[in-house]
Structure formats: C-alpha cells, structure tokens
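The values are calculated or read from the model by the stated rules, or taken from the named source; none is laboratory data. Fair warning: this is a prediction, and the values are worked out from it, not measured in the lab. Cβ placement follows ideal geometry from the backbone for every residue including glycine, while neighbour counts extend to all protein chains displayed.
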Amino acid sequence: MAKVIVVGSGGREHTIAWRLAKSALVDEVVCVPGNAGMANEDKCRSVALSQSYVEKGKNPYVQIAKHEGCEFAVIGPEDPLAEGIADDFWNAGIPCVGPKKEAAQLEASKDLAKEFMAKYNVACPASKTFTSEKEAHAYVDKHGAPVVIKADGLAAGKGVTVAATLEQAHEAVTDIMTSGRVGNAGKKIVIEDYLEGVEISVLAAVSVTPENTAGGKSVIVPFLPARDHKRLCDGAKGPNTGGMGAITPLDDVTPDVMEAFNKSILEPTLKGLEAEKFDYRGFIFFGVMITKDGPKLLEYNVRLGDPETQVVLPMMDFDFFEMCKAIVDGSLKDFSFNWKKGYAVAPVAVSGGYPAAYKKGIKITIDSRAKSIPDSKIFIAGAIEDRRSSSESKDGEHPMITSGGRVLAACAMAPSFDEAWKKAYELMSTIKFDGMFYRKDIGLPGAAESGKLTAR
Ligand code: GLY
C-alpha cells in the first residue's frame, strides 16, 4: 500500500487525488496545499505548506512528504516543475511523476520550446524570438496582422495575445516587454504566425529517461483528445479565462487526424526528448491547432491541462496509480490503456466578476440531488473549507467557501454526448453560490473558439 503526495490546489489536482484514492494500492493521498474538495475526498487529506517543521532553504513539499511518510509524488502545476521539484523528490529517494527541471523548460521558455520543435521537425507555426523591444516592433510591422505575441516565460496563462490588428500586436509587445505585468517572463518575446483552425488538447503520459531509451522503453502515450473552452461567455465570446469547461473525446478528431498528430508532432517530440537525454517521467500537454495543412503544435505544457483533466481522467478505465508507477519504473510501454465508452462533459462555475476582480469567502451549497446523478462528480478548484463553521453535513463533508476565480467543474459521463451534457448541467443546477456564473454551451456547436479571428 502506498501513501502518495499530490502537489497543487486546483481542480486538476482534485481530479488527480480522486483518481489516486480510487486505487486499491493507495491507502492515503496527502494533498499539499490541497483544497476543500480534496479534503472531503475519501482517503485524502489537505496539508498546508506552513508546517512548523518545514525548514527555510529546503523544498517544503519534500519535507512534508518525508514527515508524512509519503513514498510517491505526483506534481500538478508547472511552476514547481520549472523550479526543479521533481529533481528534489528523486534526490530525496521519492519517485515522482513530473519531468525534471531541464525538461520542464519546454513549458517555462517558449523560445526554448520553439528551438526544440525546429531542431526535431515538430510541425508548428513559424516564429521569431526577440529580446529588443524595438526589433520586436519592427518585426511586427514587417510581418503584419494577424499575429501571435507570446511572453517567453511562465505567465499564469496571461502571456499570449492573438492580435487581430497591427495596433493590438504593438500594444501586446509593449505590454509584455515594458509594463512589468508578466515580470521576467516578458524579457524575451516570441512572435509567431497566426494559424486558422480548431484547437484541441492532447494530454499524454511520458516515460523517457536515457536508460529507458537505451532499452527501447521510452514512450509517449496520448490520452483521449479533449477541448477546453477559454472564453468567458456562450458562443466563444468575452474575455479569455483559465478555462470555462471541457469535453472529451472529440468527434471532429478522427483516427486520421490522430495519426497525423502522432507522425508530425508526437513521434518527433519523443525523438527530441530521447536525443536531449531528458529525464521526463510525467505528463505532457500538446496544445494543437488542426489546420487545413494538418495538426500544428502551438505549445507544450509539462503537466496535465486544467480543466481537460476533469474530463479525461474520469474516462480512464484503468488504475491511475498503476499507470503512474509504470511512468516512473519504465514499464509504461507495456501498460494497457482502456477507456470508458462515451463522453465526458464538464462546465466550470466561476466567481462573479472573474476573470477581473471577484469576491472570495462565499458559501457554496450543494443539493443532495447531486449524489444521485450516476457517473458524475464535482471537482473543486477554488474553494476552501469554511473554518467559521464547525458543522459537517450529513455525509461528513465540511462546508466550503469560494477562494478563487474558477470555483469548480461539474463533470458527467454517459454513452452519448447529449446524455453526458444533460447530466453535467443537471449536476451544475444542484450547486449554488452568490455570483456563480457558468457557460451554458460547453461542447455545443459554436462553443469552441474557431481559430477565425474577430477583433476583440
Ligand atoms: N487548459 C489549458 C491549460 O491547462 O493550460
């Protein structure tokens, strides 16, 4: 039996912890810092980062894992990976799902990712990188619009502008490089050709080490393709968000499209990871545009996507912990991936005002009807336990209050898309908090960003 630490506090991490806890091989999941959803989950516990025994200058997650007796780690978000948390866990003798620091730069530096894509012939849009703002503006003038402007570093999802006009492109260059809004992430800028098409997210399990490669065991296994919905409002209108809902699988992603993705993106990426001798045992997220010239890679993320995880992991018909073990021990190539038939749909509920300013600390109520909807699950993202209330509900769950912009996802699965969609929205209707807002069209025609530009 294993005790596992999950690093992170969002909806993705709640889903990971829930899947781990389902494994008969896991007896406890310690979520750091976790959230109210994880704290309420069977076999799961949230532990705050601020523990008296945590010494300054040492990785706090590793210290908590050792103190708690965890023998396995799964990392959710990109920031700790970019800082080398996987290296720290392995150095402490704790196997870790998440790439080591060197490989994690594929997300932490857009410039480095583009170099990697060019070096290993990964199909992607053409781009140029600049450290001089003057040269970046001159290139924008020469290139024309539409064009995509990206901060090089990690910018919490706020570093990319798809500029429909020259004016927007120049504004984005100045904003990234001089406003200080994205900090050091904007010291370098990547200017990329704009592609027309439909975007998909392919999450995948990766097990690449020099030893695996020498033994012919390095592999990347794609999961079911998924789609996020980034815009706040129905009909793909309104400002960009961290994701208003997700669906999987995708009827428009045919086996031919997946084959083209494998040939032009996944396989060259695997070759590149092997050739660079990376230690990449974790998850990768391919942000892909399906264009009329085939799939093109927009970005790598070195983690699972959020909210895509909230639909993809529930569809897994295998033991998630066993897969994680196979990722780290080099046996992933022989692992059997079985998927549930049908569809998963998960709209996301956000705080009123999000993605601009919003209130926190608002009480969330969930009607008891929620528990009676089969094959459904609420994944908590931005909510904490209500410490003002000492009461527990009838089923032993602690009351929750909002603590973030994206508060939760209501996921449901069913054999048909329509059924899954209806159940997900029925589940959403059992949840209430003041200011609650969610899109009503996740997965419906016209809901996804088409990749056709309209000036914002
Ligand atoms: N859903 C997009 C992301 O996780 O970055």
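Every residue, every condition in (1) under 27 Å from Lys296 (Cβ atoms); (2) assigned to a strand (DSSP E or B), yes or no:
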{"residue": "Ala73", "(1), (2)": "no, yes"}
{"residue": "Pro80", "(1), (2)": "no, no"}
{"residue": "Asp88", "(1), (2)": "no, no"}
{"residue": "Ile94", "(1), (2)": "no, no"}
{"residue": "Gln105", "(1), (2)": "yes, no"}
{"residue": "Asp111", "(1), (2)": "yes, no"}
{"residue": "Phe116", "(1), (2)": "yes, no"}
- line: Here the residues within region 143-159 that are within 16 Å of the ligand (Cβ to nearest atom) and surrounded by fewer than 19 Cβ atoms within 10 Å (Cβ to Cβ) are Ala155, Ala156, Gly157, Lys158
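Yes or no, residue by residue, for (1) in a loop (DSSP other than H, G, I, E, B); (2) buried (at least 24 other Cβ atoms within 10 Å of the Cβ); (3) touching a strand residue (DSSP E or B) at 6+ places or on another chain (Cβ under 6 Å):
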position: Lys3; (1), (2), (3): no, no, yes
position: Val6; (1), (2), (3): no, yes, yes
position: Thr15; (1), (2), (3): no, yes, yes
position: Arg19; (1), (2), (3): no, no, no
position: Ser23; (1), (2), (3): yes, no, no
position: Cys31; (1), (2), (3): no, yes, yes
position: Met38; (1), (2), (3): no, yes, yes
position: Glu41; (1), (2), (3): yes, no, no
task: Please go through region 188-205 and pick out each residue that is in contact with a Gly (Cβ under 6 Å, 6 or more places away or on another chain) and either away from the ligand (no atom under 16 Å from the Cβ) or charged (D, E, K, R) (or both).
output: Glu196, Gly197
- request: Exactly one condition in (1) in a loop (DSSP other than H, G, I, E, B); (2) in contact (Cβ under 8 Å) with a residue 24 or more places away in the chain; (3) within 24 Å of the chain's Cα centre (by Cα) is not met by Met323; state its number.
  value: (1)
field: Breaking point among (1) buried (at least 18 other Cβ atoms within 10 Å of the Cβ); (2) touching a Phe, Trp or Tyr at 6+ places or on another chain (Cβ under 6 Å), for Ala383
entry: (2)
message: Take Asp228 and tell me if it is closer than 30 Å to Ala356 by Cα and either in contact with a Phe, Trp or Tyr (Cβ under 6 Å, 6 or more places away or on another chain) or more than 14 Å from the ligand (Cβ to nearest atom) (or both).
response: no
- prompt: Mind checking whether some residue in region 11-33 is of a type in the set (D, E, K, R) and within 16 Å of the ligand (Cβ to nearest atom)?
  reply: yes
field: region 310-354 - residue that is of a type outside the set (Gly, Ala, Ser) and touching a Gly at 6+ places or on another chain (Cβ under 6 Å) and, of those, surrounded by the fewest Cβ atoms within 10 Å (Cβ to Cβ)
entry: Tyr354
- request: Evaluate region 234-244: report whether one residue or more is among the charged types (D, E, K, R), within 16 Å of the ligand (Cβ to nearest atom) and either in contact (Cβ under 8 Å) with a residue 12 or more places away in the chain or in a helix (DSSP H, G or I) (or both).
  value: no
- request: Name the residue, out of Gly272, Gly352, Gly361, that is without any contact (Cβ under 8 Å) to a residue 60 or more places away in the chain and not in a strand (DSSP E or B).
  value: Gly361
query: From the residues in region 271-292 that are of a type in the set (Phe, Trp, Tyr) and within 16 Å of the ligand (Cβ to nearest atom), which one is nearest to Phe321 (Cα to Cα)?
result: Phe283
- prompt: Only one of (1) more than 16 Å from the ligand (Cβ to nearest atom); (2) of a type in the set (D, E, K, R); (3) part of a strand (DSSP E or B) is not met by Glu299, so which one is it?
  reply: (1)
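A quick yes/no check of all residues on (1) modelled with pLDDT of 95 or more; (2) of a type outside the set (S, T, N, Q); (3) buried (at least 22 other Cβ atoms within 10 Å of the Cβ):
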{"residue": "Ala357", "(1), (2), (3)": "yes, yes, no"}
{"residue": "Gly361", "(1), (2), (3)": "yes, yes, no"}
{"residue": "Ser393", "(1), (2), (3)": "no, no, no"}
{"residue": "Glu426", "(1), (2), (3)": "yes, yes, no"}
{"residue": "Arg439", "(1), (2), (3)": "yes, yes, yes"}
- prompt: Within the bounds of region 141-163, is there any residue that is assigned to a helix (DSSP H, G or I) and among the hydrophobic types (A, V, I, L, M, F, W, C)?
  reply: no
message: Name the single residue that is farthest from the chain's Cα centre (by Cα) among those in region 179-202 being assigned to a loop (DSSP other than H, G, I, E, B) and farther than 24 Å from Pro295 by Cα.
response: Ser179
field: Matching residues, region 106-142, being buried (at least 19 other Cβ atoms within 10 Å of the Cβ) and within 16 Å of Lys277 (Cα to Cα)
entry: Leu106, Ala113, Phe116, Met117
- request: Please verify whether region 302-310 includes one or more residues that are farther than 21 Å from Val407 by Cα and hydrophobic (A, V, I, L, M, F, W, C).
  value: yes
message: Val302 - would you say it is closer than 26 Å to Val147 by Cα and crowded, with 24+ Cβ neighbours inside 10 Å?
response: yes
Asp256 being more than 14 Å from the ligand (Cβ to nearest atom) and assigned to a loop (DSSP other than H, G, I, E, B): no
- prompt: Do the conditions hold for Leu313, that is, is it at pLDDT 95 or above, farther than 23 Å from Phe278 by Cβ and within 16 Å of the ligand (Cβ to nearest atom)?
  reply: yes
query: Which residues, counting only those in region 164-176, are of a type in the set (Gly, Ala, Ser) and outside any helix (DSSP H, G or I)?
result: Ala164
